[in-house]
Amino acid sequence: MVKKFENKIWLSSPTMHSDELKYVTEAYETNWMSTVGKNIDEVESSICNKVGCKHAVALSAGTAALHMAVKLAGVKSGDYVFCSDMTFGATVNPVVYEGGIPVFIDSEYESWNMDPVALEKAFEIYPDVKAVVIVHLYGTPCKIDEIKAICDKYNAVIIEDAAESLGATYKGKQTGGFGNYNAVSFNGNKIITGSSGGMLLTDDLEAANKVRKWSTQARENAPWYQHEEVGYNYRMSNVIAGVVRGQIPYLEEHIAQKKAIYHRYQEGFKDLPVKMNPILDDCEPNYWLSCMIIDKEAMCKQVRGEKEVLYISETGKSCPTEILEILAKYNVEGRPIWKPMHMQPIYRMNPFITRDGNGRARSNAYIEGESLDIGADIFERGLCLPSDNKMTEEQQNIIIEIIKGCFE
């Protein structure tokens, strides 16, 4: 009989080493505790070198970086902005900060990211849109070439949300370097962390300088506090930067650990009616989170409300709710897939575009065995598996057996 884990197995917790404390202590001992200092300079330079961009601005969060990117893109009140639909709210909220209106683009099954076919359809409906926010879900790159070709055709700016994908590559190029303005995150659960923090990446020096100014309360170059536009308190502290600086050398090690976790799940589930989150050819994810989706015919009955969910257990079948509840009984953390933005109460009235056109009228429809609301289907059948890189192989094998038991 499998016993409950004494220490909780987390979805993705911080993995600390020793250099982090060294650089934080350096900030403390030299009294560089504010939003300037050597740690910040080193982090900005290191991430630039890693990603291959020209300029980086260290900020308080990935959300702050996305906000600055939206502002750089010139989004104004009432402007429509195309956004990946299946993502965390932080991808989309910065559009609203500037008064923009998110238009959600459905996902596709091949990568779970923005569907280029749906994006093309969206431009046919809204040809004047000038900004597109793309996401690399769970550390797996989207169909960047196809999306970029469409954006170039319509002269639209790409904002790349690479918060989950630092270290991932598409055709050999690092994510975080494909858009006009790009964001990465160092939140506590990311592939490397500062406990918080993020970064705006760009090849545009003028844009980088604007963000440095805006993120420091938009202070003018004057002997006193002079302000001519709205500013923000968004700069990263030298202390947080010390943690990030200590983490950067371990990025590839973390990725290798996460990759091994993904492939152990893939091998362990080969006889189950499930599939792992997909990876496109020519892509190398950072494997931040391992996820799975249950085959349609192996789904037991599951009904989700706004905050509650019910399911009926069936022999030989399961559902995300049942699996997550059983994992929790063993002191193991998993999570649902991101609930698509077009399904969120706050954005329920926003436009939503599928590859078949306006998805609002067809969200429950199917064609040729596939949902016309692909994000909703992935949300219904998918879940995020415990992917902590401190989880041992033995612990993961036990988790695999627990999940297998859900289908008995």
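The values are calculated or read from the model by the stated rules, or taken from the named source; none is laboratory data. Just so it is clear, the model here is predicted, and its values are computed rather than measured. No Cβ is skipped: glycine too gets one built from the backbone with ideal geometry, and neighbour counts run over all protein chains shown.
Of the residues that make up the range 155-170, is at least one among the acidic types (Asp, Glu), modelled with pLDDT of 95 or more, under 12 Å from the mean Cα position of the chain (by Cα) and over 22 Å from Ser387 (Cβ atoms)?
yes
Can we say Lys143 is basic (Lys, Arg) and in contact with a strand residue (DSSP E or B) (Cβ under 8 Å, 6 or more places away or on another chain)?
In short, yes.
Within the range 22-55, which residues are surrounded by 16 or more Cβ atoms within 10 Å (Cβ to Cβ) and among the hydrophobic types (A, V, I, L, M, F, W, C)?
Val24, Ala27, Trp32, Ile40, Val43, Ile47, Cys48, Val51, Cys53 - these are the residues of the range 22-55 that are surrounded by 16 or more Cβ atoms within 10 Å (Cβ to Cβ) and among the hydrophobic types (A, V, I, L, M, F, W, C).
Is there any pair linking a residue in the range 379-396 that is closer than 20 Å to Ile192 by Cβ and of a type in the set (Gly, Ala, Ser) to one that is modelled with pLDDT of 95 or more and surrounded by 20 or more Cβ atoms within 10 Å (Cβ to Cβ), with Cβ under 7 Å and at least six apart or on different chains, and which?
Listed pairs, sorted by first residue: Ser387/Ser12; Ser387/Lys258; Ser387/Ile261; Ser387/Leu289; Ser387/Ser290.
The rows are residues; the columns are (1) in contact with a strand residue (DSSP E or B) (Cβ under 6 Å, 6 or more places away or on another chain); (2) in the same structural domain as Ile134 (by TED's automatic domain parsing).
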{"position": "Glu6", "(1), (2)": "no, no"}
{"position": "Gly37", "(1), (2)": "no, yes"}
{"position": "Ile40", "(1), (2)": "yes, yes"}
{"position": "Glu44", "(1), (2)": "yes, yes"}
{"position": "Asn49", "(1), (2)": "no, yes"}
{"position": "Ala58", "(1), (2)": "yes, yes"}
{"position": "Gly78", "(1), (2)": "no, yes"}
{"position": "Cys83", "(1), (2)": "yes, yes"}
{"position": "Gly89", "(1), (2)": "no, yes"}
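Could you list, ordered by first residue, the pairs with Cβ atoms under 6 Å in which the first is in the range 263-276 and of a type in the set (Gly, Ala, Ser) and the second is not in a strand (DSSP E or B), at least 6 apart or interchain?
Correct list of pairs: Gly268/Ile400.
Any residue that is within 25 Å of Gln395 (Cα to Cα) and modelled with pLDDT of 95 or more - is there at least one of those in the range 192-213?
yes
I'd like to check something: does the range 180-198 contain any residue that is part of a strand (DSSP E or B), touching a Leu at 6+ places or on another chain (Cβ under 9 Å), farther than 15 Å from Cys48 by Cβ and not acidic (Asp, Glu)?
Yes, there is a match, as at least one residue in the range 180-198 is part of a strand (DSSP E or B), touching a Leu at 6+ places or on another chain (Cβ under 9 Å), farther than 15 Å from Cys48 by Cβ and not acidic (Asp, Glu).
A quick yes/no check of all residues on (1) part of a strand (DSSP E or B); (2) surrounded by 23 or more Cβ atoms within 10 Å (Cβ to Cβ):
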{"residue": "Val57", "(1), (2)": "yes, yes"}
{"residue": "Met68", "(1), (2)": "no, yes"}
{"residue": "Ser77", "(1), (2)": "no, no"}
{"residue": "Val81", "(1), (2)": "yes, yes"}
{"residue": "Thr91", "(1), (2)": "no, yes"}
{"residue": "Val96", "(1), (2)": "no, no"}
{"residue": "Tyr109", "(1), (2)": "no, no"}
{"residue": "Val132", "(1), (2)": "yes, yes"}
